[in-house]
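> Here it is: the structure, laid out below.
What follows is calculated from the coordinates using simple rules that are stated; it is not laboratory data. Everything numeric here is computed off the predicted structure, so don't read it as measured data. Don't worry about glycine lacking a Cβ; one is built from the backbone with ideal geometry, like all the others, and counts go over all protein chains shown.
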Amino acid sequence: MTDELELINFCCEELEDAVSSDPEASLIEHDSGLILLNLGHREEDGETGVVLATIRFCPFCGTEIQTDEDIEAALGAVEIVE
Ligand SMILES: [Zn+2]
């Protein structure tokens, strides 16, 4: 982890409580600093992967927590199952 990326400033306690670095959690704080929504496991071609989606707005209070630019800039570090 580098200091180049800004850490997420949590907008509310609900979000802070919900976000975890545990890859099995429903809201994941990724190493890149992005908060990702875990949509669960999906099996394709015999391989099981975790489907992750980026979110822009806090699901609890609606604050914009990361912009499209933030997501795009950090997405290179995120492995998303297509
Ligand atoms: Zn919030």
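> With θ taken as phi - 60° and the coefficients 6.51, -1.76 and 1.60, list the Karplus ³J(HN,Hα) couplings across region 62-74 in order, rounded to whole Hz; mark glycine and proline as x.
3J(HN,Hα) across region 62-74, in whole Hz: x, 5, 6, 9, 7, 8, 3, 5, 4, 5, 5, 5, 8.
> Place the peptides 20-26, 32-38, 56-62 in order of packing, highest mean first, counting for every residue the other Cβ atoms within 10 Å and averaging per peptide.
Details: 20-26: 11.6, 32-38: 19.3, 56-62: 13.9.
Most protected by this proxy first, the peptides run 32-38, 56-62, 20-26.
> Can you list residues from other chains, or at least 5 along the same chain, whose modelled amide H is less than 5 Å from the amide H of LEU27?
Residues meeting the criterion, in which the H sits 1.01 Å from N, are SER20, ASN38.
> Work out from phi, with θ = phi - 60° and the Karplus expression 6.51 cos²θ - 1.76 cosθ + 1.60, the ³J(HN,Hα) of each residue of region 19-24, listed in order in whole Hz, and give x for Gly and Pro.
7, 9, 8, 6, x, 8
> Okay, next question. Can you compute 3J(HN,Hα) from phi for each residue in region 44-55, using the Karplus curve 6.51 cos²θ - 1.76 cosθ + 1.60 with θ = phi - 60°, rounded to whole Hz and x for Gly and Pro?
Result, ordered by residue: 9, 6, x, 10, 9, x, 9, 8, 10, 10, 7, 10 Hz.
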